[in-house]
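All of the numbers you see were taken from the coordinates with simple rules; none came from a lab. All values reported here derive from a predicted model rather than from experimental measurement. Quick reminder, even Gly has a Cβ in these numbers, built from the backbone with ideal geometry, and neighbours come from all protein chains shown.
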Amino acid sequence: MARSATPYVLRVRVKGKEYLYYRRAIPGSGTDWKAPLRTPQGSAGFMADYLAAVTAYERAVLLEQNGQPGTFGALWDAYRKSDRWRALSPRTQADYEADVRTLRRVSSIGVLSDVSGIELGAVDRVACQALLARVFRKHGRHRANSVRAVLSVLLSFAIESGLVQPPNPVSTVPKYRPARDGTDQRPNLAWEKSEIDIVIAECNASLRLPIMLGLYQGLRIGDICRLDTKHIKTIGEEYYIHLKTSKAGVELNHYIRPEVLTELLARLPIDGIICRNTAGNPWKLGSLQSAFHDLIRRLSEGDTRKVRPNLTFHGTRHTCASQLREQGWSRDDVADFLGQKSSTMGEHYSRHADLRIHLRNKLKSLQPLQ
């Protein structure tokens, strides 16, 4: 990744191919605005492409800072100033912002114009369905359903604020379901035992500890990246992770399992962030994800494929939950361990658990009927 001589143009090289983006910060928002530049730098059409991106950026900044009354942009601005927004965790706020940016990108082409400028009275079921259909075509089912949830939250807020009349138009727009032919693979699968052994054996030392913290402690990748020596506590000879989760804000007090402790103590710095890359710098979330994907790609390619190609880092959390359920933990216990606030999420994370052995042992322990 490198900056071009042209202002705000970013050059990214992936698998030998170069991609150009116009990337520039939106003042006061803490986020960047980014748009792909389709024509090669130096070609006849590049400057027209570049100027179109500049114009789109200026329009986005205007809508960000001066949402016109009665528009979706003004609703988004009002929501971010409300108590509801302040009650969200920073991670959830970032997810909402990403989904709204997705809405803006897909709606900035064609008859719908930028969603920020759409009058709230025009945001009916048909408009919502058209917007979500664009997200689905460009980004897939999971992002479309995520955007749908955020859109529903915003319109519910508009109804409560008296800006639009009920009912919520998103409530009648169905979620996107998995394809029946199996082509839409469910993400974040729990790993198989053989895959755990292979990945831990094949990864380098800088990746091993983050992966093990996901597999055996159930930590999210964001919490792994910010795990600090101050979060490691001792009680006698036992070590614990005492951490407030970044997404739900739940206090964790995890006993560090023996599988992790040896690796942790071997890489524990005197002070500061624990998980570091090969250069000795703290892992950034995107860099850790990228290194992990490169590892899985290497292990899943060719005739000697060792693991499934769709393993994800977040799947380590599902793997941890599944292992706990298979060992007899309840859904509530799993949810508490993962830092979730409801047993429903405990069930969600452990849905891949194979409970046959656990149930077989339960049956064996039954007393004979009298």
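The order of the peptides 256-267, 332-343 by mean Cβ neighbours within 10 Å, most packed first, is 332-343, 256-267. Taken over the alpha carbons of the stretch 68-178 as equal point scatterers, the Debye sum produces base-10 log I(q)/I(0) values at 0.09, 0.20, 0.23 Å⁻¹ of -0.20, -1.10, -1.47.
Each residue, ALA5 and ASN145, gets one label point 7 Å from its Cα in the Cβ direction; the gap between the two is 4.9 nm.
With the simple model of a label 7 Å out from the Cα in the direction of the Cβ, HIS314 to SER343 spans 2.5 nm. Computed 3J(HN,Hα) for the stretch 202-209, one whole-Hz value per residue from the Karplus formula 6.51 cos²θ - 1.76 cosθ + 1.60 where θ = phi - 60°, is 8, 7, 7, 5, 6, 8, 4, 5, glycine and proline marked x. Scanning residues 5 or more positions from THR71 or on other chains, those with amide H under 5 Å from its amide H are LEU120, with H placed 1.01 Å from N in the peptide plane. Overall dimensions of the stretch 193-361, expressed as equivalent-ellipsoid semi-axes from the Cα gyration tensor (√(5λ), whole Å, largest first), are 24, 23, 14.
Can you compute the FRET efficiency between ALA48 and LYS138 using 1/(1 + (r/R0)^6), with r the Cβ-Cβ distance and R0 = 25 Å? Round to the nearest 0.05. Intermediate results must be reported in sequence, preceding the final value.
Working: r = 23 Å, r/R0 = 0.91.
FRET efficiency, ALA48 to LYS138: 0.65.
In terms of packing, defined here as the mean over residues of other Cβ atoms within 10 angstrom, the peptides 9-18, 126-135 line up highest first as 126-135, 9-18. If R0 is 45 Å, the Cβ-Cβ spacing of GLU97 and ILE235 corresponds to a FRET efficiency of close to 0.70.
Report, in listed order, any pair from LYS34/LYS244; LYS233/LYS341; LYS15/LYS175; LYS17/LYS138; LYS306/LYS341; LYS284/LYS341 with a Cα-Cα distance greater than 30 Å.
Numbers: LYS34/LYS244 32 Å; LYS233/LYS341 24 Å; LYS15/LYS175 35 Å; LYS17/LYS138 21 Å; LYS306/LYS341 36 Å; LYS284/LYS341 27 Å.
From the list (LYS34/LYS244; LYS233/LYS341; LYS15/LYS175; LYS17/LYS138; LYS306/LYS341; LYS284/LYS341), the Cα-Cα distance tops 30 Å for LYS34/LYS244; LYS15/LYS175; LYS306/LYS341.
In a fully extended conformation the segment linking ASP294 and ILE200 would gain 32.4 nm over its present Cα-Cα distance, using 0.36 nm per residue.
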